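The values are calculated or read from the model by the stated rules, or taken from the named source; none is laboratory data. Source: prediction; values computed, not measured. Here Cβ is always computed from backbone atoms with ideal geometry, including for glycine, and neighbour counts include all displayed protein chains.
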Amino acid sequence: MTATLPEKKPDRPPVPTSADSPERWTQLALLALIELLAMALWFSASAAAGSLKTAWSLSGTAQAWLTISVQLGFVAGALASALLNLSERIAAPRLLAICALLGALANGAIPLCISDDLGRTNGGFVFLIALRMITGVMLAGVYPTGMKLLATWFTRGRGLAIGVMVGALTVGSASPHLLTALVGGSARWQPVMLAASASALVAAAIAWAFVRTGPNLPAATRFEWSYFARMWTEPAIRRANFGYLGHMFELYAMWTWVPQVLRESYLAAGSTAASAALAGFIVVASGGIGCVIAGLTADRSGRALTTIVSLAISGGCALLAGWLVPHPVWLTLVCLVWGLSVVADSAQFSAAVSELCDPKFVGTALTVQTCVGFLLTTLTIQAMPLVRQWLSTAEGTDTAAGWGWAFAILALGPAFGIYHMARLRQMPEARKMAGGNR
C-alpha cells in the first residue's frame, strides 16, 4: 500500500487563465521543444553503435543493450515516480528540468569517463550500461511529466496537442542519427553523445525558465496497486492495452535496428556512413508527421480505426523491409513509410485507456500500460540480432534473408494489435473514446 502524501504547493502557482488562453499554444511549443531536445539522450549511444561496434568490438547482443538499458531504466523510473508521487512532491516544471539535467549528466559521463580501452573491458561496458540505465530513469521524469503539464493546459484540442508532443519525442529520438551524419558518420562516437547531452541541457534550461503549470491542474492522485490486476479484467481496457502491446512489440525494435540495417545496406552499395545516418534520421523522424496527422484525424475518425490503419501499414512494411537490404533506394522508401506509420498511433492507445478507465485510476492505468509496454520492447530489441544471425547462418551468407525474417517477425505485433482494436471498436464501450467516434 502506498502512503497518502501531503500535497505540496508548486513552486509556480497555476496560471489563472481560461482553458482557451492563447498561452496554451506557447506552452505547447515550449514543451514540444523540450521533448525534442531531451529525447536526443534516448538513442545517443544506439546512433553511434556503428562506431562503438568497431571501437569496442561489440556483438549484436551488446549493441542491443545500448537501447535495452534505457528501456529498463525508463520502466524503473516510471514506477518509482508513481510510487513516490514525485509529481505531487515537486512542481512539474521543476521536476522536468531536474530530470533533463541529470539525464544529460549521466549520458555525458559516458564519453568523458569511458575511453575506448576501458570500453573494451567487461567492467567498462557494465559502467556504460549503468549510465545508460540512469539516463532512462531520468527520461521517465521528462516525457510523462511533459504530458502531465500539457494536460493542465488543454481540455479541448488535446488530441492534436498529444500528437504534437509525441511527434516531438519522435524527432528528438531520431536526432542522434542527424548528429552522426553531421560529424560525417566518423569513427568518433564521443561527439554524438556529447551533443545529445548538450541538447538535453538546453531542454532543462528552457523548462526551468519558461514552463508553467496550466489552469487545469488535476487533483492529487496516487498509484493504486489494487487496480493493477483489475484493469486487465475489464474487457475494453484489456483490448486497448493489448493493442498498445502489439504496437510496442514493433516500435522500439524498428527504431533501434532500421538505422543499423540502412547503414549495412548503404555501405555495401558503396555509399557513405554519413548518408546512411541521414537516411536513418529521416526515417525515424518522419514519424513526427505521422503523429500529428493521427492526432488530427483520431478525434474525427475514431481512435480504434486510426490505430488499425496505422498498424496495418506498419505491419506491411515490417514484412517487406528486411528483404530489400541489397536495394538501398527501395529499402529507404519502404522504411520511410514504416517510420511514418509505426509511431503515428502511439498516443491514441494512451488516450483510449484514459477514456475507458475509471477517472480515479487514470494515472495508475497509464503507468501500468507504459511499464508493461516498455518491458516488452526489451525482448524484441534483443531478439532481432539473434534471429538475424540464426537465420543468416541457416540460409548461408544471405544477409537479406536474416533481416527479412527478423523484421517479418515484428509484423506479429501489429497483427495482434489490429485484432484487439477491431474487437474493441465493436464494443459499446468504444463510444467513450474520441467523443463517440470509434
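Scanning region 40-58 turns up at least one residue that is under 23 Å from residue 347 (Cα atoms), part of a loop (DSSP other than H, G, I, E, B) and either in contact with a helix residue (DSSP H, G or I) (Cβ under 9 Å, 6 or more places away or on another chain) or in the same structural domain as residue 180 (by TED's automatic domain parsing) (or both).
Does any residue of region 80-89 turn out to be more than 20 Å from the chain's Cα centre (by Cα), surrounded by 23 or more Cβ atoms within 10 Å (Cβ to Cβ) and not hydroxyl-bearing (Ser, Thr, Tyr)? No, every residue in region 80-89 fails to be more than 20 Å from the chain's Cα centre (by Cα), surrounded by 23 or more Cβ atoms within 10 Å (Cβ to Cβ) and not hydroxyl-bearing (Ser, Thr, Tyr). Among the residues of region 293-308, those identified as among the β-branched types (Val, Ile, Thr) and under 20 Å from the mean Cα position of the chain (by Cα) are 293, 306, 307, 308.
Hey, any hits in region 209-223 for a residue that's crowded, with 21+ Cβ neighbours inside 10 Å and part of a helix (DSSP H, G or I)? Looking for residues that are crowded, with 21+ Cβ neighbours inside 10 Å and part of a helix (DSSP H, G or I), one finds none in region 209-223, hence no. Screening the candidates 337, 325 for the property of being without any contact (Cβ under 8 Å) to a residue 40 or more places away in the chain and not hydroxyl-bearing (Ser, Thr, Tyr) yields one hit, 337.
Among 226, 271, 265, which is the only one that is at pLDDT 90 or above and either buried (at least 18 other Cβ atoms within 10 Å of the Cβ) or assigned to a helix (DSSP H, G or I) (or both)? Steps first, answer last, please.
Working: 226 fails: at pLDDT 90 or above; 271 fails: either buried (at least 18 other Cβ atoms within 10 Å of the Cβ) or assigned to a helix (DSSP H, G or I) (or both).
Of 226, 271, 265, the one residue that is at pLDDT 90 or above and either buried (at least 18 other Cβ atoms within 10 Å of the Cβ) or assigned to a helix (DSSP H, G or I) (or both) is 265.
Here is the figure for region 284-298: residues that are surrounded by 22 or more Cβ atoms within 10 Å (Cβ to Cβ) and more than 20 Å from residue 252 (Cβ to Cβ) total 2. Being touching a Gly at 6+ places or on another chain (Cβ under 8 Å), of a type in the set (Gly, Ala, Ser) and touching a residue at least 24 places away in the same chain (Cβ under 8 Å) is not true of residue 302. Summed over region 147-170, residues that are surrounded by 23 or more Cβ atoms within 10 Å (Cβ to Cβ) and either without any contact (Cβ under 8 Å) to a residue 12 or more places away in the chain or under 24 Å from residue 46 (Cα atoms) (or both) total 6.
Among helices (runs of 4 or more DSSP H) lying entirely in region 62-143, which contain 1 or more residues that are closer than 14 Å to residue 38 by Cα and either in contact with a strand residue (DSSP E or B) (Cβ under 8 Å, 6 or more places away or on another chain) or hydrophobic (A, V, I, L, M, F, W, C) (or both)?
Once the helices (runs of 4 or more DSSP H) in region 62-143 are filtered for at least 1 residues that are closer than 14 Å to residue 38 by Cα and either in contact with a strand residue (DSSP E or B) (Cβ under 8 Å, 6 or more places away or on another chain) or hydrophobic (A, V, I, L, M, F, W, C) (or both), what remains is 92-113, 122-139.
Determine whether residue 164 is at pLDDT below 95 and in contact with a helix residue (DSSP H, G or I) (Cβ under 6 Å, 6 or more places away or on another chain). Criteria met by residue 164.
Every condition in (1) more than 13 Å from the chain's Cα centre (by Cα); (2) modelled with pLDDT of 85 or more; (3) under 24 Å from residue 284 (Cβ atoms) is met by residue 368 except one, and the failing one is (3).
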